[in-house]
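Enquirer: I am attaching a structure below and will ask some questions about it afterwards.
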Amino acid sequence: MQLLVLILALTQAPAQVPAPAPAGTAAEAPAGPFVALAIRQGQDQLGTITIALRPDKAPISVANFLQYLREGHYDGTIFHRVMPGFMIQGGGFSPEMEERPQRAPIRNEARNRLRNELGAVSMARTSDPNSATDQFFINVRTNHNLDFGIAGMGYAVFGQVLDGMDVVALISQTPTTRRGEHENTPQMPVVIVKAYEVDAPPPPEPEPAPAPAKAEAPAPAGTTP
């Protein structure tokens, strides 16, 4: 059984770090492909999380993720590990906490200079740096202590949430419990109903220019403003 990936100690940045993490951010010019995760909890449709993948920076991780997605692997899986103020993790378990079959692990690409920023999507793994398979996590805060050079080999970022961080925030606040050997598991399963590829989202609308300040009329003579 695949081990839980992120140890609780990593939720706190170390007092001293061995070396600064390389410059870069997961939000740098996302070009796609793009995927969407339709999320449900109980009878409630929580919404959709849209993610821009980064094959230019993490080709192995993106190819691995897309293969699982195109095979329907993620449909019906859950976010099985939820830690408020840290991350939400999913992709590997059914609502009954049965582990989905996995392909061979992939090479860690955390050297790619993408950082574990708020909204960054990264590969989950065990203590073995090259053990990532189907599970992934979404950062719900900036977690630079998970980057290459700070957390040893680090956790490889391969995408960025473009839309649906409100859904991520809802998931991160859901009450959790312990189920067997699994801690921080939502009491009510948070299900990825469907994971699918989508067209590039339209560019954001430019913000309107501020209206020019309206000149105030001078006060009438003989009065005080």
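The values are calculated or read from the model by the stated rules, or taken from the named source; none is laboratory data. Every value quoted in this text rests on a predicted model; they were computed, and no experiment measured them. Note: ideal-geometry Cβ built from the backbone for every residue, glycine included; neighbour counts use all protein chains shown.
Enquirer: For the stretch 135-146, indicate whether the set of residues that are surrounded by fewer than 20 Cβ atoms within 10 Å (Cβ to Cβ) and more than 19 Å from Asp163 (Cα to Cα) is non-empty.
Expert: Yes, the conditions are met somewhere in the stretch 135-146.
Enquirer: Right, here's the next one. Could you list, in sequence order, all residues of the stretch 73-108 that are basic (Lys, Arg) and closer than 20 Å to Asn184 by Cα?
Expert: Once the filter is applied, which keeps residues that are basic (Lys, Arg) and closer than 20 Å to Asn184 by Cα, the stretch 73-108 yields Arg81, Arg100.
Enquirer: Any chance the stretch 70-79 includes a residue that's in a helix (DSSP H, G or I) and within 19 Å of Ala195 (Cα to Cα)?
Expert: yes
Enquirer: Okay, next question. Please count how many residues of the stretch 84-120 are surrounded by fewer than 18 Cβ atoms within 10 Å (Cβ to Cβ) and in a strand (DSSP E or B).
Expert: 1
Enquirer: Can you tell me which residue is surrounded by the most Cβ atoms within 10 Å (Cβ to Cβ) among those in the stretch 169-225 that are hydrophobic (A, V, I, L, M, F, W, C) and modelled with pLDDT under 95?
Expert: Ranking the candidates gives Ala200 first.
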